[in-house]
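The values are calculated or read from the model by the stated rules, or taken from the named source; none is laboratory data. If you're wondering where the values come from, they're calculated on a predicted model, not measured in any experiment. FYI the Cβ positions are ideal-geometry reconstructions off the backbone, even for glycines, and counts take in every protein chain you see.
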Amino acid sequence: MQDVLYVEVAAQAGALLHPLRIEVLKKLAEPRSCPELAKELGETSQKIYYHVKILESAGLIDKVDERRVRGIMEGLYRARAKSYWLSPSLVGKVGGVERARDQMSLGFLLSLAEEIHADVARLGERMGEGEAVSSLGLSLQIGLENAEARARFLEELQEMFQGLAKKYAAKDSTEGQGFQVSLVCYPRRERRTE
């Protein structure tokens, strides 16, 4: 079972986004049959079978085995991944490409977040195949009093990053492992607790 299945196809997303199918997926960390799922979820076997077949057709679960129960062959199904991530590309960009080019705009930040989302999801898919993935994440919160402080911070940050890039950049781009470095700064709002 892979860590992440990145859902980029609308038909897959449509199959996934049904409350009962989500509950079925949650139960399929281990192989289970439709009658077992039906009992756990308080539904009929026929209803569960219908939804399991939709999930299987969409490539979100796999039939991993069969067994004979009272003269009837019963399939055992398991989720393909531990988590399912929906690609922002399913909806597409609103507002156009120009909005996303200005580094000081929210559009640029949203585009960068979508790129990071896709890259991390693809790395998660590879991890399911047993490949170790080197990565690093940093997060910090700072207070900047006014526009002048924000401008100084941005200037100093750009200089620091450019210096690090020059220091560690491989002379031959075919040497070593390539890494993406992205930094985002945004105002932090109080998180809703619901």
Within segment 1-58, of all residues that are under 17 Å from Gly75 (Cα atoms) and of a type in the set (S, T, N, Q), the one surrounded by the most Cβ atoms within 10 Å (Cβ to Cβ) is Ser33
(1) closer than 22 Å to Ala121 by Cα; (2) modelled with pLDDT of 70 or more all hold for Gln177 apart from (2)
Segment 1-84: helices (runs of 4 or more DSSP H) wholly inside it with 1 or more residues that are under 22 Å from Ala121 (Cβ atoms) are 10-16, 19-27, 45-57
Met104 fails exactly one of (1) modelled with pLDDT of 80 or more; (2) in a loop (DSSP other than H, G, I, E, B), namely (1)
Scanning segment 31-70 for residues that are out of contact with any helix residue (DSSP H, G or I) (no Cβ under 9 Å at 6 or more places or on another chain) and among the aliphatic types (A, V, I, L, M) gives Val64
